[in-house]
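Trainee: Please find one structure pasted underneath; my questions will follow.
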Amino acid sequence: MATLLLDDGTIETDLNLIIDELAPLGIEIRHYDPGTSLLFPHLLDQDVVTEAEKRYAVGLHNSVFEFLQQENGYVWCDLLNVHPGSPNLETLIATYGRYHTHTAAEAVYLLAGEMIYGFVKPDGSQVKLLIEAQDYIHIPSAVEHWSSPSALLNFKVIRYFTTVEGWMPNYTGTQLSDLLNQPR
């Protein structure tokens with residue numbers, strides 16, 4: 001389940017309160033556990049996943065989550081597998097780990113592991129969101145955010161696309177709040 005760190009140091013774990021906190025940005029977060037992971041647990045535990053295994057997991061996932069594609073206009077999705085030995089891990093972190101926006105919505109469903117997102121709220125304050133397995137997040141276009149693997153450097157996520165170009169980051173130059181970087 002998701003955990004939200006507010007700019008004032010407050011930590012929120014109640015999903016309904018997290019939803020309320022992110023609502024001014026238009027961000028949707030939901031927790032779904034349809035049991036599909038029980039059909040491919042070996043894929044969730046292994047670091048390296050073949051293209052055939054990715055297609056299998058995405059196909060099975062889509063059979064359950066077709067409503068997400070229909071309600072948000074996603075035209076396709078893929079599975080991104082990140083682990084400590086990923087060949088482009090540093091590039092991935094450098095690309096998405098700075099505040100940016102997209103011209104299309106960013107949406108992901110986390111199959112395994114953890115990811116971190118940071119957001120700039122309308123009042124300029126910042127929040128940091130940790131999502132875990134079975135969390136789905138939909139970030140509308142033009143919402144200022146960053147994303148990164150957690151310290152585990154391990155996740156498998158279904159990414160949804162309305163256009164390929166829409167996922168290209170447009171960097172904003174906003175710096176991460178010092179309050180969010182302090183150890184807790």
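Any read-out appearing in this document is the output of simple, stated calculations on the displayed coordinates, not a laboratory observation. Just so it is clear, the structure is predicted and the values come from calculations on it, not from any experiment. Neighbour counts run over all protein chains shown; Cβ positions are idealised from the backbone, glycine included.
Trainee: Can you give the charge dipole size of the range 3-167 about its Cα centre, rounded to the nearest 20 debye, using +1 on the beta carbon of Lys and Arg and -1 on the beta carbon of Asp and Glu?
Mentor: Working: 8 positive and 23 negative charges, 84 e Å.
In debye, rounded to 20, the range 3-167 gives about 400.
Trainee: Determine the dipole magnitude for the range 103-144: charges of +1 sit on the beta-carbon of Lys and Arg, -1 on that of Asp and Glu, nothing else is charged, the reference point is the Cα centre, and the result goes in debye to the nearest 20. List each step's numbers first, then the result.
Mentor: Working: 2 positive and 6 negative charges, 15 e Å.
Using only the charged Cβ atoms, the result is roughly 80 debye.
Trainee: Quick one: what are the phi-derived ³J(HN,Hα) couplings along the range 65-81, Karplus 6.51/-1.76/1.60 with θ = phi - 60°, whole Hz, x for glycine and proline?
Mentor: Going residue by residue, I get 10, 4, 4, 5, 5, 5, 6, 10, x, 5, 9, 6, 8, 9, 10, 9, 10 Hz, with x marking Gly and Pro.
Trainee: Tell me the GluC sites (Glu not before Pro) within the range 96-133 that lie in a loop according to DSSP and have at most 14 other beta-carbon atoms within 10 Å.
Mentor: none
Trainee: Related question: Taking amide hydrogens as modeled 1.01 Å from N in the peptide plane, which residues meet the under 5 Å criterion relative to residue 133, leaving out close sequence neighbours?
Mentor: 113
Trainee: For a label point 7 angstrom out from the Cα of residue 141 toward its Cβ, which stretches of the range 152-173 have the backbone nitrogen within less than 15 Å?
Mentor: 161-170
Trainee: Run the numbers for residue 125 and residue 56: contour at 0.36 nm per residue of separation, minus the present Cα-Cα distance, in nm.
Mentor: Extra length from residue 125 to residue 56 when fully extended: 20.8 nm.
Trainee: Most mobile of 171, 99, 117 per a Gaussian network model of the chain (Cα springs, under 10 Å)?
Mentor: Result for the chain, Cα springs under 10 Å: 171 fluctuates most.
Trainee: Can you give me the Kirkwood hydrodynamic radius for the chain, using every pair of distinct Cα atoms, in Å to one decimal?
Mentor: 16.8 Å
Trainee: Related question: So what is the calculated 222 nm ellipticity per residue for the chain, using -39500 (n - 2.57) for each DSSP H run with n of 4 or more, over all residues, to the nearest 500 deg cm²/dmol?
Mentor: Numbers: 5 runs with 47 residues, N = 184.
Helix-only estimate at 222 nm: -7500 deg cm²/dmol.
Trainee: Hey, another quick one. Once you keep just the Cα pairs under 8 angstrom separated by 6 or more residues, what percentage relative contact order results for the range 3-167?
Mentor: The normalised contact order for the range 3-167 reaches 31 percent.
Trainee: Quick check: convex hull over the Cα atoms of the range 80-184, volume per residue in Å³, rounded to an integer? Walk me through the numbers on the way to the answer.
Mentor: On the way: hull volume 11.0 nm³, N = 105.
Expressed per residue, the convex hull around the Cα atoms of the range 80-184 is 105 Å³.
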